[in-house]
Each structure stands twice: as C-alpha cells, then as structure tokens.
Amino acid sequence: MRKQVSIAFTVIAVASVLVSSALAAPPSKDTFFSTFSFVDTTTCPGITILQSNEERDTIIEFSPTRLHIQRHGIATLEANGKTLTSNFSAMIFEDWDVSQVRVIGTVYSIQVPGAGSLLLDAREVVIDLSTNPPTFTVSGPHQQFTGDVAALCAYFAAR
C-alpha cells in the first residue's frame with residue numbers, strides 16, 4: 001500500500017510539472033533590421049568619424065525582465081577620406097531580476113592589410129547595474145571600451 005501511494009504521488013508530481021510546462025507561454029521572438037549613422041568626435045580628439053551601421057537584431061523575450069538579443073551587422077567608419085569596416089556579432093543578455101547585462105561576442109574587429117589590427121573589442125563584458133555607479137567585469141580585448149584607440153586614431157590621422 002505504501003509503495004502504491006508513493007507511486008501515485010510521483011505520478012501526480014510528474015504530471016503537474018508536465019502540465020505547468022505545457023501551459024507556460026513560449027518565449028516571443030522578433031527580428032528587426034536597422035540602418036543608422038552618427039558622428040563621433042570623442043574617440044579620436046580632433047578627428048570626426050562618421051559611423052554608419054547596418055544591423056539585424058533577433059530579440060527573444062523570455063519574460064518581461066529577461067531578454068536575449070543576437071546582434072549581427074556591419075559598421076562603416078569614415079574619416080579624412082579613409083573608410084574602415086567592421087563585421088560584428090554579439091549576444092546581449094539582459095536580466096533585470098539580477099540587474100545585469102552581459103555582452104558576449106565581437107563588437108569591433110578592424111584590421112587593415114599592412115597595418116594589422118586597429119581595433120578589437122571581443123569576448124565578454126558584464127555590467128552590474130545593482131551598484132552605483134555600475135561596475136564592469138571585462139574579459140578579452142576591449143580596446144574601444146577601455147580607450148585603447150591609438151592605432152585607430154593614428155590610421156585616420158595619417159595623410
């Protein structure tokens with residue numbers, strides 16, 4: 001009898017898990033395309049950089065407080081008659097329950113034949129928004145994020 005009661009409770013527990021999983025709303029998924037430009041006068045003082053982006057964002061909403069954004073695109077940077085491009089691909093995880101944003105992937109990757117790598121922002125940045133000011137944990141090279149832009153600025157400044 002005890003074994004039958006235990007089996008019955010197990011069956012009820014498994015059934016309730018399956019029913020609650022079946023009734024849970026699936027994540028919503030939307031894809032957006034955007035094109036925009038902006039003028040950057042702060043990265044390289046004295047040099048005006050026009051940046052134009054074409055990107056595709058796939059946004060998966062798991063709940064009102066949890067998003068996953070997959071961002072792919074091309075950034076074109078123009079200054080002093082020179083043009084550079086960067087393909088980017090990054091995942092952005094927003095979790096407002098823990099006040100955290102994580103960016104994983106490549107934000108900038110600019111190489112020039114003969115000049116090598118001018119700018120690389122890749123791997124992971126974690127932003128803890130529960131602190132004031134927010135704190136950042138950085139792994140991997142993040143030249144734009146940390147201000148290590150001397151090679152990029154020298155390339156744009158050279159005539």
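The values are calculated or read from the model by the stated rules, or taken from the named source; none is laboratory data. All of these numbers come straight from a predicted model, not from anything done at the bench. In this analysis, Cβ positions are derived from the backbone assuming ideal geometry, glycine residues included, and neighbour counts consider all displayed protein chains.
Among the residues of segment 110-134, which ones are among the hydroxyl-bearing types (Ser, Thr, Tyr) and either at pLDDT 95 or above or not in a strand (DSSP E or B) (or both)?
Initial filter on segment 110-134 (among the hydroxyl-bearing types (Ser, Thr, Tyr)): 117, 130-131.
Of everything in segment 110-134, those that are among the hydroxyl-bearing types (Ser, Thr, Tyr) and either at pLDDT 95 or above or not in a strand (DSSP E or B) (or both) turn out to be SER130, THR131.
What residue, among those in segment 81-139 that are among the hydroxyl-bearing types (Ser, Thr, Tyr) and touching a helix residue (DSSP H, G or I) at 6+ places or on another chain (Cβ under 8 Å), is surrounded by the most Cβ atoms within 10 Å (Cβ to Cβ)?
Step one: list which residues in segment 81-139 are among the hydroxyl-bearing types (Ser, Thr, Tyr), which gives 83, 85-86, 89, 99, 106, 108-109, 117, 130-131, 135, 137, 139.
Next cut, touching a helix residue (DSSP H, G or I) at 6+ places or on another chain (Cβ under 8 Å) only: 108, 117.
Working: TYR108: 22, SER117: 13.
Per the criteria, the residue is TYR108.
Considering only residues that are among the aliphatic types (A, V, I, L, M) and under 16 Å from the mean Cα position of the chain (by Cα), which ones fall in segment 31-74? Lay out the reasoning, then the answer.
Within segment 31-74, the subset among the aliphatic types (A, V, I, L, M) is 39, 47, 49-50, 59-60, 67, 69, 74.
The answer is ILE59, ILE60, LEU67, ILE69, ILE74.
Please work out which one of (1) modelled with pLDDT under 95; (2) under 30 Å from PRO26 (Cβ atoms); (3) surrounded by 16 or more Cβ atoms within 10 Å (Cβ to Cβ) is the condition HIS142 fails and give its number.
(2)
Of all residues being in a strand (DSSP E or B) and of a type in the set (Ser, Thr, Tyr) in segment 65-92, which is farthest from SER34 (Cα to Cα)? Just the residue, please. Even if it seems obvious, please write down each step before you answer.
Just the residues of segment 65-92 that are in a strand (DSSP E or B), to begin with: 66-79, 82-92.
Now drop any that are not of a type in the set (Ser, Thr, Tyr), which leaves 76, 83, 85-86, 89.
On the way: THR76: 14, THR83: 21, THR85: 17, SER86: 16, SER89: 15 Å.
Among them, the one singled out is THR83.
If I ask for residues that are in a strand (DSSP E or B) and either among the hydrophobic types (A, V, I, L, M, F, W, C) or more than 21 Å from THR35 (Cβ to Cβ) (or both), which ones from segment 93-109 would you list?
We begin by selecting, within segment 93-109, every residue in a strand (DSSP E or B); these are 93-95, 100-109.
Within segment 93-109, PHE93, GLU94, ASP95, GLN100, VAL101, ARG102, VAL103, ILE104, VAL107 meet the criteria.
Out of everything in segment 135-159 that is of a type outside the set (S, T, N, Q) and in a strand (DSSP E or B), what residue ends up being farthest from ALA90 (Cα to Cα)? If you could, list the steps in order and put the result at the bottom.
Of segment 135-159, the ones of a type outside the set (S, T, N, Q) are 136, 138, 140-142, 145, 147-159.
Keeping just the survivors that are in a strand (DSSP E or B) gives 136, 138, 142.
Working: PHE136: 17, VAL138: 15, HIS142: 13 Å.
Filtering first and then ranking leaves PHE136.
Matching residues to (1) more than 20 Å from GLN144 (Cβ to Cβ); (2) touching a residue at least 12 places away in the same chain (Cβ under 8 Å); (3) of a type in the set (S, T, N, Q):
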| residue | (1), (2), (3) |
| --- | --- |
| GLU61 | yes, yes, no |
| HIS68 | yes, yes, no |
| GLN100 | yes, yes, yes |
| VAL103 | no, yes, no |
